[in-house]
Protein chains: 2
Amino acid sequence: MKLKVKDVNLSTGGPLVAIINEEDAESLGLRALDRIKIRRLRTWREINAVVDISSKGINKGEIGLFEEVLKALDLEEGVNVEVVLADRPKSVDYIKKKLIGKELAKNEIMAIITDLMINNLSEVELTYFVSGCYVNGLTLKESAFLTEAIVENGEKLNLSKRIILDKHSIGGVAGNRTTMVVVPIIAAAGYTIPKTSSRAITSAAGTADTFEILAPVALTVEKIKEVVEKTNGCIAWGGAMNLAGADDKLIKIRHPLRLDPEGMLLASILAKKKAVGATHVIIDIPYGKSVKVKTKAEGARLGKKFIDLGKLLNIKVKVVLTDGSQPIGNGIGPLFEAKDVISVLTGGGPTDLRRKSVMLATEMLKMVGVRNAHLEVLDVLNSGRAYEKLIEIIKAQGGRKHIKFPKPKHCFPIMAKKAGVVKEIDNNKINKIARIAGSPFDKTAGVYLMVKRGAKINKEDVLFNIYSKNKKKLEDAIKAAEEMQPIVY
Amino acid sequence: MKLKVKDVNLSTGGPLVAIINEEDAESLGLRALDRIKIRRLRTWREINAVVDISSKGINKGEIGLFEEVLKALDLEEGVNVEVVLADRPKSVDYIKKKLIGKELAKNEIMAIITDLMINNLSEVELTYFVSGCYVNGLTLKESAFLTEAIVENGEKLNLSKRIILDKHSIGGVAGNRTTMVVVPIIAAAGYTIPKTSSRAITSAAGTADTFEILAPVALTVEKIKEVVEKTNGCIAWGGAMNLAGADDKLIKIRHPLRLDPEGMLLASILAKKKAVGATHVIIDIPYGKSVKVKTKAEGARLGKKFIDLGKLLNIKVKVVLTDGSQPIGNGIGPLFEAKDVISVLTGGGPTDLRRKSVMLATEMLKMVGVRNAHLEVLDVLNSGRAYEKLIEIIKAQGGRKHIKFPKPKHCFPIMAKKAGVVKEIDNNKINKIARIAGSPFDKTAGVYLMVKRGAKINKEDVLFNIYSKNKKKLEDAIKAAEEMQPIVY
């Protein structure tokens, strides 16, 4: 059937979608979410798209195309195209296979991820894939295939180094900005560490949000290569590259139900490591009742999976189980977390952030065979070489060598209502309060803790300050703090 | 945040969707598929919608709205609306509960179906619901709740009758147009049978496609009431009403993976019966290797579920397991199936279609306590009263009392390559060939079988004719017939 292109002037941000009129759908024998082949006349260019059927907006004889399809076929409004019914891709059969509980082979997972990346799968089909992975789980082999498929379908960083270090922290602990301390230590010790980090999803700030105060983080793969070759390290936002684009698309689908299929989580993390060529990776698994991993045993079980999957992927993985019972560092929110980091690198700082960063860096150097790793880390940190390295990285990424922090605007102290000893600081609640105050979009919004677990407090001592540039948001955050009582004493 | 409405001039055909610019999404802290509340300024009208984020087409400060949202808020292009982040509906939590394998309570299933009907759930969320029902199954109770929720959220036919009969055939058998014979028999015998039928999904023709040759089938609930009150029966297309609108929306989601979660199938079928007030329902379950139910045992198991679910819904269900090993009747495709039906009602006809229809009608009359039901059915049929009743129904639905069939255009005979005895006629293959020829959209396209199982044939005997109004489609169908060899002899 010949149809005339209508530019709907929208992008789907993914799946290739075409909209046709009800009557044309009927003559073609098409149902919603079926597939058609669209061929540009007088050329051999053609593409498959998923069909949506509209009773309004698209007339008989027209085909409404989103940007992705127009671009793929180099079409514009008014041009005629030939449309025929097409088979659904093989990958849809594999998705069904996973949903009914069967194990997928390497080529099947590769087909799914490749089709995902060329926008050949609809959101409904992708959701079935996520459901299958969630309900039936992924075997270790499937996770390895998924990791490789994600890496294969994304950009890769090619550094010609025999040893490349990397780290990852499982989420949930507020603050916990160890990456920004560890990367300069490792880089200053002479090892390569091309670190990519994420932005906050549910927490108050991600490493990318925080480092952005000091330097641009949205770097291309070429730029990262340049920075790492110059300084040994970098702290870049992974989302700006296409290192694991397939993973980002799956995360969008997982978001509405907040699903974290374990096999996908493993693949998601190790794919980003594999894509930068990491050979030695440390995984920090904090456990505690207000973080993702609730118990030490659960952390150990998850840790073993990382190690086993690493073996299949030829990555040496070390796991450390850490205390996730309260925030690490005092600042929560990009500005305050950045300040804590600079304080630690210049000799001061929250002791818990300092101690944990030193431990992580030490374990990493041990992995690559450095003797007296602990002394080496302390020397690099205390001599100021780590701080100098951070400044080097900031400069290389395009930041200013003289750090100048933005000023927070409004501040309100939350005070103790009675005397006592701090028993508990809930990570979720602290993150939530900081987000309500505007973090991470307002970089100067957040929470600054004045006490940590074990601290003795008197009535009217300040427990924490809340900051925001927006008075209304500050008020909301104060109200939330009063209601949630994140600190138990 | 205040945003200016942009009419994207499209309908989603369901979920309420709004598109906003990347930058605005970031300031609102919104991710794709999150929910927002859209409030029309200076009124109290507000609505929740799912957010899509576009890098193209929607500028900063704009919000792109589909028809469904514009209509719900009575908005037009250029008007300002207030947009805030909204919580996801409770029903999303219930969907997750089902996905992780827990049983849903009545109010939870009701919440999901109600939100589905007010377009408050995204396709991704609905897909997770279907996945949960498919992978974990539905308990009998859940199926009953689902049936009731579908009925509650749709239109209902209110006939003031103590006894209302209905029937349903599980799909897969080509031809098998028993409904058009049974309905006039039951109606002529004095019982009420408000039959709603579907159009073909994967088969060559549905009852609605076939009866449409004789009379309009897209009737409103009011019109059905009028027809049934006048004639005792009707044969209407269920899709034209909103009897089980929730079911139609779920079917769209199930389509890409061709998923048939059993609990949904049961609910889907019985909801349509419940919505017309049926008190006695016969379920015809054909079994055979080329239909949906493969074995008699499988049919019996499924049948028991219908009976048990019927009890919970206060519907008396009788199940008959029938031979599904070959098509019933000779004609496949709307025109040819209609011809078979008229032939049976006027005294002739394919004997298998006649015999099966008589059996079904007899069982139905037995259910409501008619003595000598078999003789009664034969009398109604052989006396011509059933045929007169069909003409009455055709007239009442708006058709012509003098039946005039359209003429098929091109015909091609498929001949036997050798002598033999017919062993097998594959339903799927016959349906496929008829569809390739253009059925059901081309009402005169299809297949007419000249042999049935057990027939002795000589070389060059005609096995079946293929019809189409389109020469190209006829050729494709001939090719398919040669390749598939639907008749084994």
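Derivation of every value follows stated rules applied to the coordinates shown; laboratory data play no part. Everything numeric in this text was worked out from a predicted model, so none of it was measured. Please note: Cβ atoms are built from the backbone with ideal geometry, for glycine as well, and neighbour counts cover all protein chains shown.
Here the sum of -39500 (n - 2.57) over DSSP H runs of 4 or more residues, divided by the residues of the protein assembly as shown, equals -13000 deg cm²/dmol at 222 nm, to the nearest 500. For segment A:2-86, the relative contact order is 51 percent, taking Cα pairs closer than 8 Å that sit 6 or more residues apart in sequence and dividing their mean separation by the residue count. Length gained on full extension, B:Val421 to B:Asp93, computed as 0.36 nm times the residue gap minus the Cα-Cα distance: 112.2 nm.
For segment A:408-440 versus segment B:83-160, the inter-centroid distance based on Cα atoms is 38 Å.
Mean partner shielding of peptide A:50-56, defined as the number of other chain Cβ atoms within 10 Å of each residue Cβ, is 4.
Say R0 is 51 Å: what FRET efficiency, to the nearest 0.05, do A:Glu262 and B:Ser27 get from their beta-carbon distance?
Between A:Glu262 and B:Ser27 the formula returns 0.95.
Between copies, the label points at A:Gln485 (set 7 angstrom from Cα along Cα-to-Cβ) are spaced 7.9 nm, reported in nanometres from shortest to longest.
By how many degrees, between 0 and 90 and to the nearest 10, does the Cα long axis of helix A:245-254 differ from the longest principal axis of chain A? Compared with the principal axis, the helix lies near 90 degrees. Rounded to the nearest 10 degrees, the angle from helix B:385-397 to the longest Cα principal axis of chain B is 30 degrees.
Partner aspartates and glutamates whose Cα lies under 19 Å from the Cα of A:Lys459, excluding those fewer than 8 positions away in the same chain, are identified as A:Glu424, A:Glu482, A:Glu483. Determine the shape class of segment B:90-137: with a ≥ b ≥ c the square roots of the Cα gyration tensor eigenvalues, call it rounded for a/c under 1.5, and otherwise prolate if a/b is greater than b/c, oblate otherwise. Oblate. Each of the peptides A:434-441, A:157-164, A:6-13 was scored by the mean count of other Cβ atoms within 10 Å over its residues; in descending order, highest first, they stand as A:434-441, A:6-13, A:157-164.
Inter-copy label distances at B:Glu82, using a point 7 Å along Cα-to-Cβ, come to 5.6 nm with the shortest given first.
Summarising the label geometry, the points placed 7 Å from Cα in the beta-carbon direction at A:Ala218 and A:Lys294 lie 3.9 nm from one another. The H on the amide N of A:Ser169, modeled in the peptide plane, is under 5 Å from the matching H of A:Asp284, each at least 5 residues off or on a different chain. Peptides B:207-219, B:241-253, ordered by how many other C-beta atoms sit within 10 Å of their residues on average, highest first, read B:207-219, B:241-253. With only the Cα atoms considered, segment A:410-488 has a convex hull volume of 72 Å³ per residue. Using the Karplus relation 6.51 cos²θ - 1.76 cosθ + 1.60 with θ = phi - 60°, the per-residue 3J(HN,Hα) values for segment A:80-94 come to 8, 10, 9, 10, 10, 4, 10, 6, 6, x, 3, 4, 5, 5, 5 Hz, with x marking Gly and Pro. Partner aspartates and glutamates whose Cα lies under 16 Å from the Cα of B:Lys273, excluding those fewer than 8 positions away in the same chain, are identified as B:Glu148, B:Glu152, B:Glu155, B:Asp166, B:Asp247, B:Asp248, B:Asp284, B:Asp308. Less than 5 angstrom separates the built amide H of B:Val319 from those of B:Ile283, all sequence-distant by 5 or more or on a different chain. Against chain B, whose longest principal axis is taken from its Cα atoms, helix B:179-188 shows a tilt of about 80°. Across peptide A:246-257, the mean count of Cβ atoms from other chains lying within 10 Å of each residue's own Cβ comes to 4. By the rule of a C-alpha distance below 19 Å, with chain neighbours fewer than 8 residues away ignored, the lysines paired with A:Lys432 are A:Lys289, A:Lys292, A:Lys294, A:Lys443, A:Lys452, A:Lys469, A:Lys471, A:Lys472, A:Lys473, A:Lys479.
Along segment B:423-436 the Karplus relation, 6.51 cos²θ - 1.76 cosθ + 1.60 evaluated at θ = phi - 60°, assigns HN-Hα couplings of 9, 7, 10, 7, 4, 4, 5, 4, 4, 5, 4, 5, 5, 4 Hz to successive residues, with x for each Gly and Pro.
Close amide H partners of B:Leu463, meaning residues 5 or more places away or on another chain with modelled amide H under 5 Å apart, are B:Ile414, B:Met415, B:Ala416. The count of lysine pairs in segment A:2-86 that are at least 8 places apart or cross chains, and whose C-alpha atoms lie under 19 Å apart, stands at 12. Sort segment B:2-86 into rounded, prolate or oblate with this rule: let a ≥ b ≥ c be the square roots of the eigenvalues of the Cα gyration tensor; rounded if a/c is under 1.5, and if a/c is not under 1.5, prolate when a/b is larger than b/c, oblate otherwise. Rounded, since a/c falls under 1.5. A simple rule links phi to the HN-Hα coupling: the Karplus curve 6.51 cos²θ - 1.76 cosθ + 1.60 with θ = phi - 60°, which for segment A:16-22 gives 7, 10, 10, 10, 10, 6, 3 Hz, with x for Gly and Pro.
Sorted shortest first, the distances from the B:Phe405 label point to those of the same residue in the other copies are 8.8 nm; each point sits 7 Å from Cα along Cα-to-Cβ. Electrostatic tally near B:Arg35: other residues with Cβ closer than 9 Å to its Cβ, Lys and Arg +1, Asp and Glu -1, net 0. Simple spin-label estimate for B:Ser383 and A:Ala455 gives 9.5 nm between the two label positions (7 Å along the Cα-to-Cβ direction from each Cα).
Mean partner shielding of peptide A:30-42, defined as the number of other chain Cβ atoms within 10 Å of each residue Cβ, is 2. The listed peptides A:91-104, B:117-130, ordered by packing as a protection proxy, come out as B:117-130, A:91-104 (highest mean of other Cβ atoms within 10 Å first).
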